[in-house]
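Below: one structure, written as structure tokens.
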Amino acid sequence: MGLFGSTDNTEHERKPADRSPTNTLQRATVIAAAALVVTCLFPGYTAVLIAAIGAYEVRRVRRWWFGVWAAVTSVIGWALAGASLTQWMAWPLSQIGHTFAWILAPAPEANPIVMSINEIAESSLLSLVWMQLWGCAPAALLTTVIFASWRSHSRNIRGQIEGPEHTNRRPVGILDRRRRDRERHRIAAGHYLTPPPEPAAAAATHDGNPHA
Amino acid sequence: MKRHEPEVLLGTGTYGHPVSKPMNLMKKNVLIVGTTRTGKTRLANSIARQQSHELGCGQLILNFKPEPGFVAEKARDAHRMGRSFLHFTMAPKGGGGFVRSHPYEPPVPCNYDPLDRSNGATRARMLIDSVAHDDASDVYRRNAIEVTALAWDIAAITGYDYQTMRNPDTGQATVRRRRSLQVLLELLDMNLLEQQAQLMNPELLQRLHPHLGTAEAESKVAELRSRALSIKEDSNHRASVMSSAIADTRSIVSSFLNSSAFYPQSLASGNRPALRIDIMRAIVRGEIVLFSLSAADYQQEAAMLGSMILLDLQNTVSTLREYQSHAKVSGQPDATPWPPLIVQIEELGTAANPASAKALIGLLNKSADVGIRPVTSTQSLSDIRGIGDGTYLQRVIALTDDLISLQLGESVDDEEISRFSGSVTKKIATAETEVSNNRWSLFTGARQARTVRPKDTEMPRIPVGTVQSLRSSDEDDVREMVWTSKTPALRSVHTHGPEGPNNWHETIEMVPVGEPPLGYDPFEDPDSVAETAAAAAQAARALGNDMADATSMLHKLHQLSNTKLKSIGDIPTHFTELEEPILDVSITDPADIDVPLPPEPDAEPEPAHKSEVIPEANKSHTTSQKRSPSTLPTPPAPTSESNPFARSTPAPRPPVADDMDDF
């Protein structure tokens with residue numbers, strides 16, 4: 001845009017949203033502040049969320065996988081918490097408890113969650129990390145499902161445009177390469193062929209017939 | 001996981017899944033294109049091997065760039081599948097004898113006479129059409145076909161195409177079919193042709209065509225004689241078209257017969273069935289037959305023989321189709337009572353000329369319904385594009401269902417591959433530029449807008465440039481390819497469908513199935529060599545048993561190709577009572593020439609380079625002419641004694657410790 005005003009000569013149907021720099025700056029500040037607070041209070045949640053969103057955006061992991069992982073991590077977390085729902089629910093609050101332990105002074109009628117948090121407050125850093133991850137992972141993964149659902153529409157539209165920078169197709173990963181290597185050996189060895197009858201197989205053993 | 005329906009596996013797809021296609025959808029031509037050392041032959045061998053394994057297919061391979069490793073691989077496949085293996089090869093350019101590449105291979109070059117079967121007209125077309133010619137020489141071509149057909153027809157009537165052989169041990173005489181080309185060469189001497197024409201009589205003709213009445217036979221004999229005489233008179237004028245046509249034909253035949261490009265007597269039927277290549281037998285029994293025709297060493301001979309082989313195959317297909325129309329075959333559409341036949345043509349462009357291209361197109365056109373499955377490979381489509389007026393390539397491609405391209409070097413071929421993949425509508429991103437200015441035109445400029453606008457464009461599935469950028473690495477043996485298939489629907493994506501944006505084609509890593517290991521040496525283990533040679537002998541004996549079995553399909557097919565129409569006496573009278581009145585044609589009996597019999601030939605036929613027109617041969621047949629039709633020579637029946645692959649003589653030879661005895 002020019003210094004003394006500008007005219008947009010292109011004829012679009014879709015234009016970038018009309019935002020002033022001030023509004024954009026304000027919005028960005030609010031978002032950043034919120035993210036900072038969440039990160040400080042729930043670092044595990046932030047870490048898992050960033051990793052999951054990264055996996056979605058870069059590796060095109062399908063969103064239903066995140067739902068599956070959310071369920072799995074819930075079960076594992078609950079099991080690691082001694083099959084105690086209370087204990088497990090306290091884990092996401094471990095950082096809060098550790099930071100603000102002086103607020104949560106134990107009282108005779110403190111509820112089990114508060115008591116758990118107090119216990120957590122006295123744990124080591126490694127334990128904190130452990131609890132954060134297993135406590136926050138399900139929520140982070142469910143958040144990713146919501147995020148992926150919101151993004152999928154625009155990604156699909158963008159993915160219809162030809163080109164690697166626009167594609168919505170999953171890139172080739174480590175598991176794909178391992179499958180490729182495995183299948184190469186199987187195909188070359190004739191794994192998908194019907195095994196020959198016994199006399200031919202016996203006669204061919206000297207040639208290294210894998211079906212012998 | 002095993003697959004229930006037989007499939008051909010080609011390699012792995014983008015995400016590592018196996019790429020395959022059901023075998024019942026691979027009935028039409030598979031064309032493989034790729035520059036040198038990209039894996040074309042390995043892939044073609046893999047496709048042929050899998051179909052042979054699953055469907056019991058025989059294989060007929062024309063390799064215009066032969067090498068010992070290829071022969072060993074095919075012999076190995078035949079051994080593993082328990083099939084007969086026959087190998088026709090040309091003589092080495094630098095001299096030297098025949099060297100076996102695999103213990104399962106026969107110990108001597110196999111015999112093949114492409115002109116052994118069919119009537120004179122068919123064989124004449126096969127021979128003359130195997131030579132490239134242009135439209136300007138069409139009149140010579142027609143004359144050449146006519147005189148060639150006439151010569152062979154007369155030979156068939158008079159029995160000139162058979163010779164008597166006497167066993168040196170027992171003294172017993174047997175009759176054997178002579179080399180077709182040798183017969184033709186001799187009969188292109190117009191004097192001999194006229195003599196043979198004079199030897200014909202209605203009884204001889206009725207022996208071949210029993211349905212002919214006497215008057216018809218006499219008329220036909222008179223026509224043939226008259227034509228032979230007129231051709232002779234025509235040929236006496238040096239400037240005549242007929243004279244040139246005869247000279248050209250003689251030159252072609254002589255160069256073929258006497259060429260040192262072929263092992264002596266290899267272009268003949270031979271007298272050992274186990275060493276004789278018979279395409280019909282190969283189809284019915286699922287044999288693996290390899291023709292090594294080195295186009296680099298002998299371009300003309302390789303191209304000619306390659307054309308004749310394809311034409312012979314076309315004729316065989318006609319016979320098979322006729323049988324199929326009578327046989328009741330249930331099951332799938334296009335089901336045949338015999339297993340399919342893979343026709344594998346390697347380095348198609350090397351020996352390409354209009355004749356071979358026509359023969360190939362004729363084969364591709366007519367063969368899918370009788371179980372012929374072509375697999376062709378070529379280094380460059382330009383070799384085929386350059387033939388004739390350039391339409392052959394388009395015709396071959398039109399008859400191709402599966403086009404597989406490995407790495408290519410030419411952009412023209414790249415475009416052809418793209419064209420074959422068909423067009424689809426793609427959304428192409430167009431960048432937009434925002435232009436800004438102001439009323440004083442200060443600080444004007446342009447910047448990239450953040451909006452991406454897609455534009456619908458018709459583009460090929462496989463973009464131009466794709467096949468040139470495919471990878472082909474010897475180090476890790478990675479051979480990338482793209483594959484466009486028309487059946488069941490046109491597509492280039494095979495494992496992660498359906499096709500759509502950014503998913504119009506798939507790069508496949510080629511994986512050959514059941515290849516021999518690197519450095520494979522079939523002669524490494526002496527025990528294995530002995531066992532393999534024994535297996536070859538066993539296969540040869542099985543061949544003899546099949547040929548002797550009167551109830552086998554092979555026997556019935558041979559009978560069909562020799563079927564004669566009924567004798568005149570068997571035809572219902574209401575078809576004969578309105579016979580045309582007999583014309584008063586005076587027939588002159590041939591002069592009774594009293595000549596001595598020639599010396600009895602040796603058991604082995606004469607080498608090709610010693611062949612010449614032998615006047616005495618006429619005398620032996622003149623003598624035979626004096627016999628009644630019932631005593632004229634008949635083809636020898638195969639023997640099924642303890643050593644079924646001894647030479648076709650009544651007395652069995654005692655076995656000796658030698659490979660040749662099993663053949």
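Classification of segment A:120-199 by its C-alpha gyration tensor yields an oblate form. The axis ratio a/c (a ≥ b ≥ c) is 1.5 or more, and b/c is at least a/b. Neighbouring Cβ atoms from other chains, within 10 Å of the Cβ of residues in B:484-494, number 0 on average. Ratio of Rg to Rh for segment B:268-396: 0.99 [Cα atoms; Kirkwood radius as inverse mean 1/r over pairs]. Each 10 Å bin from zero holds the following percent of Cα-Cα pairs in segment B:78-168: 13, 26, 26, 27, 8, 0. For segment B:17-89, just say rounded, prolate or oblate: build the C-alpha gyration tensor, square-root its eigenvalues into a ≥ b ≥ c, call rounded for a/c under 1.5, and beyond that prolate if a/b exceeds b/c, oblate if not. Because a/c hits 1.5 or more and a/b fails to exceed b/c, segment B:17-89 counts as oblate. Each residue of segment B:236-246 was assigned a 3J(HN,Hα) from its phi angle through the Karplus expression (A = 6.51, B = -1.76, C = 1.60, θ = phi - 60°), giving 5, 8, 4, 8, 6, 5, 4, 4, 5, 4, 5 Hz with x at Gly and Pro. For the peptide A:155-162, the mean number of other protein chain Cβ atoms found within 10 angstrom of a residue's Cβ is 5. Computed over neighbours whose Cβ is under 13 Å from that of B:Val412, the net charge equals -4, Lys and Arg +1, Asp and Glu -1. A crude spin-label estimate for the pair B:Glu67 and B:Val99, with each label 7 Å from Cα along the Cβ direction, gives 1.5 nm. Ordering B:Tyr392, B:Tyr520 by the number of other Cβ atoms within 10 Å of each residue's own Cβ, fewest first, gives B:Tyr520, B:Tyr392. Quick one: which of B:Lys358/B:Lys486; B:Lys21/B:Lys366; B:Lys220/B:Lys556; B:Lys28/B:Lys455 span more than 32 angstrom between C-alpha atoms? The pairs that break the limit, which is 32 Å between Cα atoms, are B:Lys28/B:Lys455. Distant-in-sequence amide contacts of B:Ile372, defined by a placed amide H-H separation under 5 Å and a gap of 5 or more residues or a different chain, comprise B:Leu341. Averaged over the residues of peptide A:176-189, the number of Cβ atoms from other protein chains lying within 10 Å of each residue's Cβ is 6. Checking the a/c ratio against 1.5 first, then a/b against b/c, what shape does the Cα gyration tensor give for segment B:68-120? Oblate, because a/c is 1.5 or more while a/b does not exceed b/c. For B:Gly11, the residues whose modelled amide H falls within less than 5 Å of its own, excluding neighbours fewer than 5 places apart on the same chain, are B:Val19, B:Val511.
Equivalent ellipsoid of segment B:335-409: semi-axes from √(5λ) of the C-alpha gyration tensor, largest first, are 23, 14, 10 Å. Local charge for B:Val30 was computed over the other residues whose Cβ lies under 12 Å away, with Lys and Arg +1 and Asp and Glu -1, and equals +4.
Read-outs: derived from the displayed coordinates by stated rules, not from any lab. All of these numbers come straight from a predicted model, not from anything done at the bench. So basically every Cβ, Gly included, is an ideal-geometry build from the backbone, and we count neighbours across all protein chains shown.
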